[in-house]
Amino acid sequence: MATDSQTRTEPTGAAGAVEVNVATDSPAWSGFLGAHDGAGIYHDPRWGQVMAEVYGNRPFYLTARRGGRVVGALQLIRQKSMLFGLHLCSTPYFDAAGIVADDGPAREALTSAAAGLAEQLGADWAELRQEQVLDESLPTRTDKVSLRLPLPGDSEQLWKALKAKVRNQVRKAEKAGLTAAEGGAERIADFHDIYSRNMRDLGSPPHARRFFDAIAREFGQHVRVFVVQREGQTLAASLTLEDRHAMHVPWAGSDWRARNICPNMLLYWRMLAHCCDAGARCFDFGRSTCDEGTFRFKRQWGAEPVPLYWHYLLPSGAEMPSLRPDSPKYRLLVACWRKLPLWAARAMGPRLIAKLP
C-alpha cells in the first residue's frame with residue numbers, strides 16, 4: 001500500500017513539540033503498543049490491513065513522536081456509504097480502540113491531527129472510541145458500556161461463585177446432550193454458520209466469512225473459536241481474541257430456536273472455564289446498552305460495566321450522528337432485515353456492514 005503522509009506539529013511547552021505523522025502503510029508500533037498498559041489487541045495496526053483487504057476500507061495510521069520517540073498512536077478506518085456518508089472510526093466493530101498516548105500533549109496532538117485528517121478527507125465525522133474521556137468539550141456518546149469479569153485462579157472457584165440459577169442453566173444444557181468444544185481456524189465455518197443466522201434474527205447484517213478467515217490468518221495465536229453442538233448441529237458459537245489483558249468476545253451467537261435448552265449458557269461457561277484455567281486475569285464480555293437484554297445476560301455472570309466514551313470530531317455547526325439501531329431512522333430497516341431469507345442476509349450483509357462503524 002502506498003504511503004500518503006503528512007506531518008503536524010503541536011507545541012507542548014517544556015515537554016517539547018509533538019509531531020504527528022499520518023500514513024496509509026502499516027506503522028512500526030509493536031514496541032510502543034507492547035509497552036503501553038492502555039494498548040490491547042484492538043489497537044494492533046493489522047486490523048487496518050484486514051479491513052482494507054476484505055472490505056476495501058482505507059486505514060490511516062497517526063503516529064505521534066517527541067524527539068523522534070513514539071509517544072502516541074491512533075488507527076482510523078475510512079468508510080463511505082450512501083446511508084452513513086463518509087466517516088472515520090477508531091476502529092469499526094470494537095468497543096475502544098482509540099488514542100493510546102503517553103501524556104496529555106500527545107493525546108491532544110493526535111486529536112487535533114484526526115480532526116485535520118477528517119477535514120482534509122471531507123468526512124462527516126470522525127469517531128474516537130475510548131475508555132477514558134479525551135476532552136469533555138467534545139460531543140460524546142455514552143450509552144454503551146463494556147462488561148468485564150475479573151477471574152479467579154481456576155474454573156472451580158469461578159463455578160462456586162456463580163449464582164445457582166446460572167449453574168442450573170449450564171447443567172440443563174449438559175443434560176440435554178449439548179457438548180462444548182474449542183479450536184482455531186478449523187472451526188470458523190461452524191462459528192460463521194450460527195453467527196450469521198443470529199445476526200439475521202437480530203436484524204443486523206453479518207460479517208463475511210472471509211473477514212474471520214483473515215482475522216485467523218493475521219492473529220492466529222490470539223484467536224479461539226468455541227462451539228456448542230448437539231448431534232453435530234451447532235447451536236451456539238463465538239470467536240474470541242486474547243491479549244495480555246483479557247479474553248475478548250467481540251462476536252458470539254446462538255440459535256434462538258434452541259433457547260429452552262440453554263446452549264448460550266454452556267457456551268459462555270466453556271469460555272470462562274478456559275480463561276480461568278489458562279491463567280487469564282479478565283473476561284471481556286463486550287459492549288451492551290445498559291439495562292437491555294444482552295446487558296442483563298452478561299451481568300448474571302458477575303460482570304461489571306465499564307464506561308465507554310465515543311467522542312466525535314465534527315465540522316463546524318454539525319450535529320453528532322444518531323447511529324442507534326433502535327432509532328426511528330433505522331427501526332424499519334432492522335424489521336425488514338429480520339424477514340430476509342438466510343441466504344440473502346449472508347449474501348447482502350457483508351456489503352452493508354463494511355460501511356457501518
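Quick one: is L134 outside the structural domain of T234 (by TED's automatic domain parsing) and within 23 Å of the chain's Cα centre (by Cα)? Write out each step before concluding.
Values: outside the structural domain of T234 (by TED's automatic domain parsing): yes; within 23 Å of the chain's Cα centre (by Cα): yes.
Considered against the rule, which asks whether it is outside the structural domain of T234 (by TED's automatic domain parsing) and within 23 Å of the chain's Cα centre (by Cα), L134 comes out as yes.
Could you tell me whether any residue of the range 80-87 is of a type in the set (D, E, K, R) and either modelled with pLDDT of 95 or more or out of contact with any strand residue (DSSP E or B) (no Cβ under 6 Å at 6 or more places or on another chain) (or both)? Working first, answer last.
Restricting attention to the range 80-87, the residues satisfying the condition of being of a type in the set (D, E, K, R) are 80.
From the residues that got through so far, the ones that are either modelled with pLDDT of 95 or more or out of contact with any strand residue (DSSP E or B) (no Cβ under 6 Å at 6 or more places or on another chain) (or both) too are none.
No, because not a single residue in the range 80-87 is of a type in the set (D, E, K, R) and either modelled with pLDDT of 95 or more or out of contact with any strand residue (DSSP E or B) (no Cβ under 6 Å at 6 or more places or on another chain) (or both).
Quick check on my filter: what residues within the range 171-205 are aliphatic (A, V, I, L, M) and closer than 26 Å to W343 by Cβ? Show your work before the answer.
Taking the range 171-205 as the starting set, the residues that turn out to be aliphatic (A, V, I, L, M) are 173, 176, 178, 180-181, 185, 188-189, 194, 199, 202.
Scanning the range 171-205 gives A185, I188, A189, I194, M199, L202.
Among the residues of the range 100-109, is there at least one that is surrounded by 24 or more Cβ atoms within 10 Å (Cβ to Cβ) and under 21 Å from the mean Cα position of the chain (by Cα)?
Yes.
Which is modelled with pLDDT of 95 or more, assigned by TED's automatic domain parsing to the domain that holds L158 and among the charged types (D, E, K, R), of R244, R299? Before you say what the answer is, go through the steps one by one.
Values: R244 fails: modelled with pLDDT of 95 or more.
From the options R244, R299, the qualifying one is R299.
Restricting attention to the range 163-178, does a residue exist that is in the same structural domain as L88 (by TED's automatic domain parsing) and among the basic types (K, R)? Reasoning before the result, please.
Narrowing the range 163-178 to residues in the same structural domain as L88 (by TED's automatic domain parsing): none.
No, the range 163-178 contains no residue that is in the same structural domain as L88 (by TED's automatic domain parsing) and among the basic types (K, R).
Out of L149, L117, L74, which single residue is under 22 Å from A318 (Cα atoms) and touching a Leu at 6+ places or on another chain (Cβ under 9 Å)?
Working: L149 fails: under 22 Å from A318 (Cα atoms); L74 fails: under 22 Å from A318 (Cα atoms).
Only one candidate qualifies: L117.
Inspect all residues belonging to the range 268-284 and state whether any of them is modelled with pLDDT of 95 or more, farther than 18 Å from L151 by Cβ, loosely packed, with under 15 Cβ neighbours inside 10 Å and outside the structural domain of Y93 (by TED's automatic domain parsing).
Within the range 268-284, not a single residue is modelled with pLDDT of 95 or more, farther than 18 Å from L151 by Cβ, loosely packed, with under 15 Cβ neighbours inside 10 Å and outside the structural domain of Y93 (by TED's automatic domain parsing).
What's the total number of residues in the range 175-192 that are of a type in the set (D, E, K, R) and under 11 Å from Q229 (Cβ atoms)?
Within the range 175-192, the first condition is being of a type in the set (D, E, K, R), and the residues that meet it are 175, 182, 186-187, 190.
Right, trim to under 11 Å from Q229 (Cβ atoms) and you get 187, 190.
Adding up the residues that qualify gives 2.
For (1) in contact with a helix residue (DSSP H, G or I) (Cβ under 6 Å, 6 or more places away or on another chain); (2) surrounded by fewer than 17 Cβ atoms within 10 Å (Cβ to Cβ); (3) among the β-branched types (V, I, T), each residue gets a yes or a no:
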position: D143; (1), (2), (3): no, yes, no
position: L149; (1), (2), (3): no, no, no
position: L162; (1), (2), (3): no, no, no
position: A176; (1), (2), (3): yes, yes, no
position: A189; (1), (2), (3): no, yes, no
position: I194; (1), (2), (3): no, no, yes
position: S204; (1), (2), (3): no, no, no
position: F211; (1), (2), (3): yes, no, no
position: G220; (1), (2), (3): no, yes, no
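Exactly one condition in (1) touching a Leu at 6+ places or on another chain (Cβ under 7 Å); (2) closer than 16 Å to Y309 by Cβ is false for D135; which is it?
(1)
Of everything in the range 22-42, what is touching a residue at least 60 places away in the same chain (Cβ under 8 Å) and under 21 Å from L121 (Cα atoms)? Give them in sequence order.
V22
Across the range 291-306, what is the total count of residues that are loosely packed, with under 14 Cβ neighbours inside 10 Å and of a type outside the set (D, E)?
Going residue by residue through the range 291-306, those that are loosely packed, with under 14 Cβ neighbours inside 10 Å are 291-293, 296, 304.
Imposing the further condition that a residue be of a type outside the set (D, E) reduces the set to 293, 296.
Count: 2.
The values are calculated or read from the model by the stated rules, or taken from the named source; none is laboratory data. Nothing here was measured: the structure is a model prediction, and the numbers come from that model. Don't worry about glycine lacking a Cβ; one is built from the backbone with ideal geometry, like all the others, and counts go over all protein chains shown.
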